[in-house]
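Peer 1: Before anything else, here's the structure in question.
The values are calculated or read from the model by the stated rules, or taken from the named source; none is laboratory data. All values derive from a computational prediction rather than experimental measurement. Reconstructed Cβ throughout: ideal geometry from the backbone, glycine too, with neighbour counts over all protein chains shown.
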Amino acid sequence: MTTPDLGAYVQRTAALPWCWGVQDCTIWAADWCLIRWGVDPAARYRGRYHDEAGALALTRAGLLATVGPEIPLRRKDAPAEGDIGVIEINGRQVAAIWSGAHWLFRTPRGIGMTSRAAIAIWGD
C-alpha cells in the first residue's frame, strides 16, 4: 500500500471554500484520515453543525476531549509526516496535520502553518 501524498492533498484542498461541517479545520484533518488510514474521526459529527456556533456547541469541552476518543490511531509523543494532531491557535484547539516541518491547519482563508507544540498527536 502506498502512502497518500500530503502535498497533493493540501494543494487540492487549500482553495476550497470554507464551509462549517464540510470544509473546516476538523473536517479537513478528518478527510485526510480517511485518505491515509481509512478511518473517519469526525463521522459522529458530520452533518451535525453548519456554523461556528454549532461547532462550538459540539466542542464546548474542547476539541481534544470531543474528537480524541473518536481517533482509533496510536497516540504519539512526536509527529511524523502526515500525522494528525490538536494544536492551539489564538486560544482555540484546532485540528492539524504535520507536514514534516510544521503543523498545517485549515482556515477560512486557506492553509495556515505553525511550529508550535501539539496538545496531542496520533499516527502510525
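Peer 1: Provide a single number: the residues in the range 50-89 that are touching a helix residue (DSSP H, G or I) at 6+ places or on another chain (Cβ under 6 Å) and at pLDDT 95 or above.
Peer 2: 3
Peer 1: Moving on. Scan the range 33-88 residue by residue and report those that are within 17 Å of TRP103 (Cβ to Cβ), aliphatic (A, V, I, L, M) and part of a helix (DSSP H, G or I).
Peer 2: Listed by number, the residues that qualify are LEU63, LEU64, VAL67.
Peer 1: Which ones in the range 71-87 are in contact (Cβ under 8 Å) with a residue 60 or more places away in the chain, buried (at least 18 other Cβ atoms within 10 Å of the Cβ) and touching a Gly at 6+ places or on another chain (Cβ under 6 Å)?
Peer 2: none
Peer 1: Given the criterion at pLDDT 95 or above and touching a Ser or Thr at 6+ places or on another chain (Cβ under 7 Å), identify the matching residue among ALA95, ALA118.
Peer 2: So the residue among ALA95, ALA118 that is at pLDDT 95 or above and touching a Ser or Thr at 6+ places or on another chain (Cβ under 7 Å) is ALA95.
Peer 1: While we're looking at this one, here's another question. Listed residues GLY47, GLY112, GLY68; which is surrounded by 12 or more Cβ atoms within 10 Å (Cβ to Cβ) and in contact (Cβ under 8 Å) with a residue 24 or more places away in the chain?
Peer 2: Answer to the check: GLY68.
Peer 1: Let me ask something else. Taking the range 10-26 as the region of interest, how many residues are free of Cβ contacts under 8 Å to residues at least 60 places away in the same chain and either charged (D, E, K, R) or closer than 22 Å to GLN93 by Cα (or both)?
Peer 2: Total meeting the criteria: 7.
Peer 1: Here is a follow-up. Whether any residue in the range 89-98 is surrounded by fewer than 18 Cβ atoms within 10 Å (Cβ to Cβ) and touching a Cys at 6+ places or on another chain (Cβ under 7 Å) is what I want to check.
Peer 2: No, the range 89-98 contains no residue that is surrounded by fewer than 18 Cβ atoms within 10 Å (Cβ to Cβ) and touching a Cys at 6+ places or on another chain (Cβ under 7 Å).
Peer 1: In the range 5-32, how many are in a loop (DSSP other than H, G, I, E, B) and exposed (fewer than 14 other Cβ atoms within 10 Å of the Cβ)?
Peer 2: 4
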